[in-house]
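Student: Submitted below is the structure of interest, expressed as structure tokens.
Rule-based calculations on the coordinates, nothing more; no lab input. As the structure is a computational prediction, the values presented were derived from the model and not from experiment. Cβ coordinates were reconstructed from backbone atoms using ideal geometry, including for glycine residues, and neighbour counts include every protein chain displayed.
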Amino acid sequence: MSFTVAIVGRPNVGKSTLFNRLVGKKLALVDDTPGVTRDRRPGDAKLMDLRFRIIDTAGLEEADEESLEGRMRQQTELAIDEADITLFVVDAKMGLTPVDSTLAEMLRRRGKPVVLVANKSEARGSDAGFYDAYGLGLGEPCPISAEHGEGMIDLRDAIVAAIGEERAFEEDDVAETDVAVPRDDVDDIEDEDYEPEYDDTKPLRIAVVGRPNAGKSTLINRFLGEDRLLTGPEAGITRDSISVEWDWRGRKIKMFDTAGMRRRSRITEKLEKLSVADTLRAVRFAETVVIVFDATIPFEKQDLHIVDFVIKEGRAAVLAFNKWDLIEDRQAVLADLREKTERLLPQARGIRAITVSGQTGDGLDRLMQAIVDTDKIWNKRISTAKLNRWLDYQTQGHPPPAVSGRRIRLKYMTQVKSRPPGFMISCSRPEALPESYTRYLINGLRQDFGLAGVPIRIFYRSSVNPFEGKKNKRD
């Protein structure tokens with residue numbers, strides 16, 4: 001992108017609505033409650049013929065630096081310093097407040113181009129607030145309606161005038177495109193015996209999930225080496241999914257920080273429901289999901305629900321036991337964690353579990369290596385010849401049970417998809433095959449082909465008898 005724009009203003013003036021309008025997607029959570037946005041959220045914006053990078057920010061308030069509002073303000077100030085131009089949004093419907101005047105003075109001191117945006121100008125009685133905005137000393141306000149898309153042409157002209165045509169239409173040297181990775185890849189491979197090698201250069205999408213206050217944002221900040229995400233002792237600081245990017249050993253990583261997931265029965269507020277829905281979307285869009293446990297109170301019931309959801313969604317999962325620096329008797333606790341992981345998560349047998357500390361950075365390289373190793377397994381393809389030799393061996397050692405006096409024959413097996421691995425078995429009576437035998441086959445696949453810790457899908461297809469339904473005609 002040729003330049004960067006930061007959207008700032010006091011709470012509830014419509015910054016996130018404008019952000020969603022400019023990026024063309026509902027990326028940021030929007031609600032009538034003031035202070036929904038807390039972290040900086042970047043996005044790629046399009047406004048007529050303009051292309052630029054945009055940053056949504058938290059509402060600016062005057063507060064003590066150590067408070068949550070004070071830390072939110074610091075994140076917003078970092079966004080202003082990073083941006084080339086600032087969109088200062090005021091509420092024309094409600095009029096100006098002393099906070100608007102304070103923010104205007106702060107922006108003037110920074111000396112960067114500012115476009116004053118009078119949002120909600122479509123509302124009845126907004127003229128007074130619009131004309132009051134002249135008193136901020138930031139030039140002529142641009143009247144818009146972010147919700148209805150009115151005034152976007154005027155906003156485009158104001159941005160070009162503030163930053164200059166040469167900078168506004170500057171071309172990037174390299175055009176980058178963000179290609180969404182499909183959820184379930186069905187590999188179109190002509191040779192069934194072909195086993196493709198893992199591509200360790202492709203970008204990797206990772207979602208970090210867990211209960212509130214497990215240390216997800218702190219962990220990601222330690223990966224980045226900077227305080228990119230808002231953190232603190234308060235539970236539930238993160239509200240919407242924020243993506244960050246960096247390189248790990250030459251590989252591009254895109255990681256999503258998500259809101260903490262409480263038990264469904266405890267979620268009563270509309271805003272928290274929106275936050276959890278955003279977390280679920282991040283999980284479905286990711287390839288690998290890091291489930292963060294609080295090592296001081298691991299394996300709460302909600303932790304198990306989160307792991308089960310990730311596995312059912314077919315994502316590659318890795319467990320991160322955070323706050324390891326707070327554990328004193330580490331050997332005893334580690335043995336206990338291993339035992340509980342095997343016993344409480346049978347649906348993810350062999351799942352990788354790493355002890356880490358977001359505060360000290362201990363274990364982060366081991367966690368990233370576990371993520372890559374799990375992603376390799378999640379993308380693994382096994383040749384049909386190997387699978388059928390394996391199936392013969394399995395059925396000879398433990399044949400399917402007879403149902404109603406009739407044997408069930410498993411005739412043929414092939415892998416029909418990866419991400420996660422999915423297999424099709426041609427079976428004489430698939431409806432009669434018990435679930436226990438499917439579990440037996442899945443456990444065998446995990447052990448014999450190294451598919452530990454990832455979901456495995458087995459589909460059955462009945463063999464077709466070409467003479468079924470035809471009468472025996474004699475000449």
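Student: Working out 0.36 nm times the residue gap between Asp373 and Val403, then minus their Cα-Cα distance, what length gain in nm do you get to one decimal?
Tutor: 6.7 nm
Student: I'd like the GluC sites (Glu not before Pro) in the range 282-389 restricted to DSSP loop residues with at most 12 other Cβ atoms within 10 Å, sorted by number.
Tutor: Glu328
Student: Same structure, new question: Starting from the 7 Å offset along Cα-to-Cβ, what nm value, one decimal, do you get for the label separation of Glu195 and Arg343?
Tutor: Computed distance between label sites Glu195 and Arg343 equals 3.6 nm.
Student: Here's something else I'd like to know. Give a residue-ordered list of calculated ³J(HN,Hα) values for the range 382-388 (Karplus: 6.51 cos²θ - 1.76 cosθ + 1.60, θ = phi - 60°; whole Hz; x for Gly, Pro).
Tutor: Computed from phi, the couplings for the range 382-388 are 10, 5, 5, 4, 5, 5, 6 Hz.
Student: Testing the spin-label approximation: label points 7 Å from Cα along Cα→Cβ at Leu334 and Glu122. State their distance in nm.
Tutor: Result: 6.0 nm between the two label points.
Student: Here's another thing I want to ask about it. Tell me, what is the FRET efficiency for Arg156 and Asp308 to the nearest 0.05, using R0 = 41 angstrom and their Cβ-Cβ distance as r?
Tutor: FRET efficiency, Arg156 to Asp308: 0.30.
Student: Could I ask something else about it? Looking at the square roots a ≥ b ≥ c of the eigenvalues of the Cα gyration tensor of the range 286-436, which shape do they give, rounded for a/c under 1.5, prolate if a/b is larger than b/c, or oblate?
Tutor: Prolate, because a/c is 1.5 or more and a/b exceeds b/c.
Student: Based on alpha-carbon centroids, what's the gap between the range 208-224 and the range 120-163 in Å, whole number please?
Tutor: 38 Å
Student: Using DSSP to define loop residues, name the GluC sites (Glu not before Pro) in the range 52-125 whose beta-carbon has at most 12 other beta-carbon atoms within 10 Å.
Tutor: When the GluC sites (Glu not before Pro) of the range 52-125 are filtered for loop state and at most 12 Cβ neighbours within 10 Å, Glu62, Glu65, Glu66 remain.
Student: Under 8 Å for C-alpha pairs, at least 6 residues apart: give me the relative contact order for the range 204-378, rounded to a whole percent.
Tutor: Rounded, it is 24 percent for the range 204-378.
Student: Moving on to the next point. Given contacts defined as C-alpha pairs under 8 Å and at least six residues apart, what's the relative contact order of the range 384-462, whole-number percent?
Tutor: Relative contact order, the range 384-462: 29 percent.
Student: Moving to a separate point now. Taking H placed 1.01 Å from N in the peptide plane, check which residues at least 5 places from Val416 or on another chain put their amide H under 5 Å from its amide H.
Tutor: Result for Val416 returns Gly422, Phe423, Met424.
Student: According to the square roots a ≥ b ≥ c of the eigenvalues of the Cα gyration tensor, what is the shape class of the range 204-378, taking rounded for a/c under 1.5, prolate for a/b larger than b/c otherwise, and oblate for the remainder?
Tutor: Since a/c stays below 1.5, the shape of the range 204-378 is classed as rounded.
Student: In nm, to one decimal, how far is the Arg429 label point from the Glu226 one, both placed 7 Å along Cα→Cβ?
Tutor: 6.5 nm
Student: Give me the percent relative contact order of the range 4-168, please, defined on Cα pairs under 8 angstrom at least 6 residues apart.
Tutor: Once normalised by length, the contact order is 23 percent.
Student: Between the alpha-carbon centers of the range 283-310 and the range 393-442, tell me the distance in whole angstrom.
Tutor: 30 Å
Student: Another question, if that's okay. For the range 4-168, what class follows from the C-alpha gyration tensor (a ≥ b ≥ c being the square roots of its eigenvalues): rounded when a/c is under 1.5, otherwise prolate if a/b is larger than b/c, else oblate?
Tutor: In terms of gyration-tensor shape, rounded.
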